[in-house]
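Every number in this text was worked out from the coordinates using simple rules, so none of it is lab data. Just so it is clear, the structure is predicted and the values come from calculations on it, not from any experiment. All Cβ positions, glycine included, derive from the backbone under ideal geometry; neighbour counts span all protein chains shown.
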Amino acid sequence: MCGIIGYCGPRPASEVLLSGLKRLEYRGYDSSGISIGTGGSLKVFKKEGKISALRNIVPADADGAWGIGHTRWATHGGVNDTNAHPHTDCSGKIAICHNGIIENYLGLKDRLTGEGHEFRTETDSEVIAHLVESFYSGDLEAAVKSTVSLLKGTYGILVMHTDHPDQIIGARNGSPMVLGLGDGEMFIASDVSAMIAHTRQVIYFEDGEVVRLDSKGYEVTDMRNRPVDKKVDNISWELEEMEKGAYPHYMLKEIHEQTESVHRAMSGRFDDDQATAVLGGLNMSERELLGVRRVVIIAAGTSYYAGQVVSYLLESLARIPSSTELASELRYRNPIVEEGTLYFAISQSGETLDTLMAIRELQRKGARVLGICNVVGSTIARESDGGVYIHSGPEIAVASTKAFTSQLTALYLFILKMARMRNMAWPEGQDFIDGLRSIPDLIGRILDGEERIRELAQKYHRVENFLFLGRGLNYPVALEGALKLKEVAYIHAEGYSAAEIKHGPIALINEHTPSLFIVPDDHLREKVLSNMKEIKARKGPVIALCSEGDTDAADIADDVLYVPRCPEEFSPFLMVVPLQLFAYHCALLLGRDVDQPRNLAKSVTVE
Ligand code: AGP
């Protein structure tokens with residue numbers, strides 16, 4: 001959940017490392033550090049806080065041509081300068097950066113302390129520096145391999161030694177690592193965002209691989225020193241896409257990008273003649289797709305809520321039994337994998353460890369797992385048995401927004417394909433395609449009404465508790481709305497089925513706890529209107545998020561937000577956007593760090 005970076009080449013390493021860490025900051029931002037190799041010694045700079053704080057303490061002349069860096073999301077040990085990475089060994093000649101968790105670090109630490117090593121930090125990662133020191137006898141790569149052979153847990157590790165100028169050793173197990181090929185220089189980092197300004201040629205590492213790199217080249221071997229041939233990939237994203245442009249925050253930019261990102265997620269994926277979808281990456285024949293008897297979706301966070309919407313619709317439109325499971329729970333539940341069950345793993349980053357480990361557990365049991373990912377070349381995308389890229393473009397803000405609607409788009413295409421293979425006739429298929437194609441414009445109309453949402457945030461951003469309520473397809477959207485308000489505004493919010501609250505949570509209702517009801521013009525509308533009246537009867541403030549012209553909802557509610565009318569199956573696309581903007585404006589009014597909320601990180605690479 002941290003970001004690591006390394007550089008060998010002619011440029012001043014500190015600038016390459018600092019600007020690369022800035023691009024990796026969304027991976028963890030509580031403290032950071034770099035170590036530079038120069039003149040036979042290491043210069044190490046570490047600082048609590050954002051990369052800007054680190055940049056302030058790195059003197060301009062403290063430079064060399066090779067170094068490593070780290071931005072942290074603390075797992076072991078408090079947030080302070082000392083526990084920030086890089087960590088060094090007793091001699092001060094070896095420096096390491098680590099992304100992941102070393103589960104057996106205490107035992108290793110005891111053994112090393114017994115051998116006379118002095119530990120300076122509370123972290124699990126520091127054992128790596130001392131282990132390399134204990135194994136080192138002139139061959140740094142060999143020492144790193146001996147070290148990682150003792151480690152239990154996950155890691156992306158970078159190691160440098162003053163006796164090996166212009167050399168970095170990298171090793172991966174569970175945490176992402178990618179090499180960037182330059183002309184007379186090499187970059188290595190947790191993801192491509194750290195090197196996209198310098199190269200578009202990259203190599204993705206698999207678990208168990210070790211790389212030795214210097215400014216002239218690299219060699220990849222496995223733990224038994226056998227050379228590993230690696231494919232060179234090209235980064236598809238443009239650097240500009242990673243900039244905020246005219247927007248004050250990435251979150252607002254990414255909310256507004258949904259008119260394009262939804263379009264991109266469906267572009268080139270319709271077969272209008274057959275009124276169905278074309279998803280080339282599934283790696284499944286029509287016959288295999290026809291043999292699917294159940295669909296199980298696994299994911300975490302926002303991706304999980306997108307999965308819940310899709311499961312609802314897979315059952316109602318394609319008549320395929322479907323459920324969505326928390327990846328972290330499914331993995332340890334000894335899941336029963338049956339013939340005919342198709343699994344989807346949804347992950348924007350493609351690196352969420354809970355989801356990755358659940359995929360491996362399912363594949364070990366013989367399951368076919370397809371990935372729905374945004375980050376090209378990510379681990380989940382590479383390890384899945386096929387899948388669909390959602391083409392959202394880089395999502396930098398920690399709070400996921402455009403990925404949600406793009407994940408829906410990609411899987412709505414799958415629903416269309418499966419339904420047209422079963423019970424959906426051509427005209428319905430065409431209507432579904434028309435409905436999907438209308439979404440970008442409808443979202444555009446909602447974005448035009450942002451001012452009304454900002455006014456609502458102005459009215460409600462000081463509350464301590466907030467309820468989001470929906471039914472059917474929009475119950476998961478209520479959960480997503482609550483997650484957004486929690487993670488960016490730090491307001492305690494709960495998402496509930498509007499029917500379920502009378503079984504207990506309605507006890508929370510009072511004049512200080514507003515309830516936002518998602519009331520699309522669908523077959524559950526009357527039920528939701530009754531639920532709204534139940535809250536009004538108990539003096540709870542009610543906000544209705546409803547379809548244009550819904551005067552009944554407006555009559556009941558204290559405040560109304562309208563979205564354009566659409567066929568009911570598409571309402572989640574429209575209902576989620578005002579909830580994203582509401583959370584954004586509440587966070588802004590409360591002075592929160594909107595793009596990098598406290599305690600969070602964009603890609604959760606620890607369990
Ligand atoms: C959402 O805003 C959060 N950043 C988080 O819940 C996220 O959705 C979750 O960690 C899953 O991430 P993934 O889609 O990259 O796997």
- [ ] When a/c is below 1.5 the answer is rounded, else prolate if a/b is larger than b/c, else oblate, so apply that to region 71-166 with a ≥ b ≥ c taken from the square roots of the Cα gyration tensor eigenvalues.
- [x] rounded
- [ ] Counting only C-alpha contacts under 8 Å and six or more residues apart, can you give the relative contact order of the chain as a whole percent?
- [x] 12 percent
Task: the chain: angle of helix 402-420 to the longest principal axis, Cα-based, in degrees nearest 10 - done: 60 degrees
Task: Three-way shape call for region 300-415 based on the alpha-carbon gyration tensor, with the a/c threshold at 1.5 - done: oblate
Task: Computed [θ] at 222 nm, helices only, for the chain once each DSSP H run of length n ≥ 4 contributes -39500 (n - 2.57) - done: -10500 deg cm²/dmol
TODO: Kindly write out, for region 383-398 in residue order, the coupling ³J(HN,Hα) from the Karplus curve 6.51 cos²θ - 1.76 cosθ + 1.60 (θ = phi - 60°), rounded to whole Hz, with x marking Gly and Pro.
DONE: 8, 6, 7, x, x, 9, 7, 8, 6, 6, x, x, 10, 9, 4, 4
- [ ] Would you mind working out the magnitude of the charge dipole of the chain relative to its Cα centre, with +1 at each Lys and Arg C-beta and -1 at each Asp and Glu C-beta, to the nearest 20 Debye?
- [x] 660 debye
TODO: Go through region 560-565 residue by residue and turn each phi into a ³J(HN,Hα) via Karplus (6.51, -1.76, 1.60, θ = phi - 60°); whole Hz please, and just put x for glycine and proline.
DONE: 10, 10, 9, 10, x, 5
